[in-house]
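Working notes for the structure below.
The values are calculated or read from the model by the stated rules, or taken from the named source; none is laboratory data. Just so we're clear, the structure is a prediction, and the values are computed from it rather than from any experiment. Cβ placement follows ideal geometry from the backbone for every residue including glycine, while neighbour counts extend to all protein chains displayed. Side chains are part of the model used for accessible areas, which takes the heavy atoms of the whole protein and leaves out ligands, DNA and RNA. Shrake-Rupley method; radii C 1.70, N 1.55, O 1.52, S 1.80 Å.
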Amino acid sequence: MKKLLSLFLIIFSIFIFGQKKKEKNIPPPPPPIFDVDNGINKNFKATSFENRIKNFPFNKATKIKIISYNLDFEKEPIPEPIPVNDLVAIEKAKNRKNPVKISDIISGNFNGISQQKNLNISEIKELTNVLYNTCGKYSSGLYTQSGCFFPRNAILFYDENDVIFAHLEICFQCGTRQENLENMLGSESLCNEMDGNLEEFFNKIGISTQYQEK
């Protein structure tokens, strides 16, 4: 009986050792191979629309809206000091038009919105394709941002109560995006190649993205 038990333990040890050895020898996934001519990752596999909309915030949204604002401001205005006793200057400052803040829009003040578009299914499909299938396909691994963040566009996500629960604010002029929730879209959206494709989509659906001189 002891001999049989010893034999069993030896065979079991050999089996476990062999399994671990096999596991250690599993090759890692192949690194991205980029086509030199167009910078496309040949190993890239696009995420399907069915899987893209399973990601937050798309999986919670009942309506997605694209907006533009601050199109008549070339840059963030610098407030000028107002003399205490200058009634004319005080009145001008009171009536001066100020840039729209996303916080105003979220709180329900839509007066500053220049353009808006509720996306249909086809447009949501195109938007998610840009957000989730751009960086993996074309990315050079770089994502640079400028310090002059003055957004003129945003993507608004509405819940079933028609309340904005998430938004992505975008400054195409400096190539910077800000989410209201940390890591909302994940690393899939962090690359320089994203900006051009996203701006092209905005313009395609009739939403302006740059300063409009009057």
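Have a look at I155, I170, I124, I105 and point out the one that is modelled with pLDDT of 85 or more, closer than 29 Å to E50 by Cβ, in a helix (DSSP H, G or I) and of a type in the set (A, V, I, L, M).
Working: I155 fails: in a helix (DSSP H, G or I); I170 fails: in a helix (DSSP H, G or I); I105 fails: closer than 29 Å to E50 by Cβ.
After ruling out the rest, the residue left standing is I124.
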Would you tally the residues in the stretch 39-73 being open to solvent by 30 Å² or more (accessible area, probe 1.4 Å), out of contact with any helix residue (DSSP H, G or I) (no Cβ under 6 Å at 6 or more places or on another chain) and not in a loop (DSSP other than H, G, I, E, B)? 3
If E76 satisfies all but one of (1) over 15 Å from I124 (Cβ atoms); (2) in a loop (DSSP other than H, G, I, E, B); (3) modelled with pLDDT of 95 or more, what's the number of the condition it fails? (3)
In the stretch 203-214, what count of residues is obtained for those that are open to solvent by less than 10 Å² (accessible area, probe 1.4 Å) and free of Cβ contacts under 8 Å to residues at least 60 places away in the same chain? 0
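Scan the stretch 173-202 for residues that are part of a loop (DSSP other than H, G, I, E, B) and open to solvent by less than 30 Å² (accessible area, probe 1.4 Å) and jot them down.
Across the stretch 173-202, the qualifying residues are C174, G175, M184, L185, G186, C191.
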